[in-house]
Amino acid sequence: MSDAQVVSTQDDTAPIVANPSSASKGERASSGRLVRLLATVGALVFAYAAWLPWAIVVTNIGDRATFPLLVDPNIAIIERFFNFGDIIPSPFAVAAFSMLGLLLAPLLWRPADSLLGAIATHTFGLWLIFATVFVVAFGLSPLASGKPFESTQASGQDLAIFSYTGHLALGFWVVVVALVAMWIAVIGLLIGEWRRHAFWHLPGNDEDRPRTLLQLPGASVLNLGLIIWAFGFLSAGWAAVNCTQTPLLLGSCKGIPASSALFAGLVQASGNVAVTSATDPNMLLFLDPTIAQNAIGILLGIGAAMIFVGVWLRAVTRTFCVWTTLWLVAAVALVGLAYSGVGAIIAHPTRVGVAAGNWTAQGGVFITLIGLIIALIGLATLSATALLRRNVE
């Protein structure tokens, strides 16, 4: 065989030698997506399960036992079944903590060499440590031991001592599964970042390529929709009692906000759920209605603020469009549930915890829907330009 033939053979096989490297990069990218997906799903399950019953508690008054009470962390803290010594977290703090992991999840999907992504991973890990400590402490507390324990409650100047017996419920074990998934994901993310020195070398890949001119109208429309949604969902009245004004936009009475309507919708939905034991699968549908008072507003409000800021600080990517779409889907679903709550308030106000009277729907419902429709139009424009730019490249 001649030298020319040898050189030709080597040249023909050179590209084959390079293929394993490109394949390994593809495998690492796929693995990174799976780890981020695991963290996101775990945070979503935790945010939901944090408002499911973690324990079933029976109050013992002498020889009599009351009807079992389904207790989630928020109720356990409010009723002093579970405490942190002299520290009593506010309902807002409990709600924010339950949603923090899910709010951090979009930032985990930043580029591999992103400083913001690295900070989010470490913050997510720190939150996960506190969440794990809380869950372990709850599981080891007298509330979950199955043995009677006493609680002192003040009534005026008198102190009443009650005896309680609690058992762990299905919601607690769902949270444990979510924690295991998130720990696997966080360890995988940290190992990947430590190998790249993504945190200590202060990478600067958080500024994507400049926006195209076509993205500007879409960004403006999307943010306008978010502003209108925020006013309608977080501020405007959704239902009012004995209101004589026409229930249309500026002619509406202030009334109650979407959080109260959502609370009524959840009360109506959970009222049809029957739970027979601590492991009854129906318990997965017994969501604490107080999630509507702070947690839903925190999740949707901060999520909208992240979209609002993100659309101006960096070019729109497919990942950004996916997260915005998920936010819109959640917002629309919750609007539907809140609207059903308005119907429940109008039909039977006292059953859902509001005063009796002539309740009517108000303009907040329509303002919120208008905002979501405008935001959807803006997102469609941004998604089209993002896909067009990718196809051109």
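None of the figures in this text is laboratory data; all of them are computed from the coordinates on show. Everything quoted here is computed from the prediction, not taken from an experiment. Reconstructed Cβ throughout: ideal geometry from the backbone, glycine too, with neighbour counts over all protein chains shown.
Amide H contacts for Ser145 (H built 1.01 Å from N in the peptide plane; partners 5 or more residues away or on another chain; cut-off under 5 Å): Gly166. Each Cα pair of the stretch 325-371 feeds into the Kirkwood radius, which the Stokes-Einstein equation turns, at 4 °C and 1.567 mPa s, into a diffusion coefficient of 111 µm²/s. The calculated P(r) of the stretch 274-383, using every Cα pair and 10 Å bins from 0, goes 11, 33, 29, 19, 7, 0 in percent. For Phe81, nonlocal amide neighbours, meaning residues 5 or more places apart or on other chains whose placed amide H falls under 5 Å from its own, do not occur. Here the relative contact order of the stretch 232-343, from alpha carbon pairs under 8 Å that lie six or more residues apart, stands at 33 percent.
Beyond 13 Å, how much of the Cα-Cα pair distribution for the stretch 285-326 remains, as a whole percent? Roughly 61 percent, rounded to a whole number.
Ranked by the mean number of other Cβ atoms within 10 Å of their residues, highest first, the peptides 46-53, 329-336 come out as 46-53, 329-336.
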